Amino acid sequence: MSNRNTEYYLRNRVEILKGCKEHYRLNRDMMCERDKVYYHKNREEICRKRRERNHLNGVAKQPTPSAKEILSALREGIELLSCVDCGLSFSGRYWIADFHYEIQKSCKKGIYSCITSVGRLFSELNRGIFLCPNCHRIRHRKNMLQGSQAVKTQVS
């Protein structure tokens, strides 16, 4: 673009862009139809170029794991753990593991409702620990008693 054209564009860009927008609004159907025809005529070439471009950029699509796959991986991981407080092993008994939040949770319904992606799951796992049900109840009871004592000392 020459210097003279650049100056003209900068002075009149609002009107030029309005004209482009209006032209698109008036001819949208015709343009969409033209694009469809072109795509169907050149589909193989377009797809080949897209695959090449994605491959060269390292953007080859990796299959996204489903929530079911993420949950089964989580269960397998839990079976390798044991209770942080008493040491009870969860081997073969993933269902007895309770997840205790030590940092305020970002999911209101709990960790299993957060399984929308692997990254989200790991960020939630970093917020707490796995406990057996008895130790989990003991921790919550201690927290509740400490909370009620704190309220009593504030009132006094």
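If Tyr24 satisfies all but one of (1) surrounded by 12 or more Cβ atoms within 10 Å (Cβ to Cβ); (2) in contact with a helix residue (DSSP H, G or I) (Cβ under 8 Å, 6 or more places away or on another chain); (3) part of a helix (DSSP H, G or I), what's the number of the condition it fails?
(1)
Yes or no: the range 64-76 includes at least one residue that is modelled with pLDDT under 85 and at positive phi.
Checking the range 64-76: not a single residue is modelled with pLDDT under 85 and at positive phi.
Is it fair to say His55 is at pLDDT 80 or above and not β-branched (Val, Ile, Thr)?
Numbers: at pLDDT 80 or above: no; not β-branched (Val, Ile, Thr): yes.
No: the conditions fail for His55.
Considering only residues of the range 111-156 that are aromatic (Phe, Trp, Tyr) and not in a strand (DSSP E or B), which is modelled with the lowest pLDDT?
For the range 111-156, the residue satisfying everything is Tyr112.
The values are calculated or read from the model by the stated rules, or taken from the named source; none is laboratory data. No experiment lies behind these values; they were computed from the predicted model shown. Quick reminder, even Gly has a Cβ in these numbers, built from the backbone with ideal geometry, and neighbours come from all protein chains shown.
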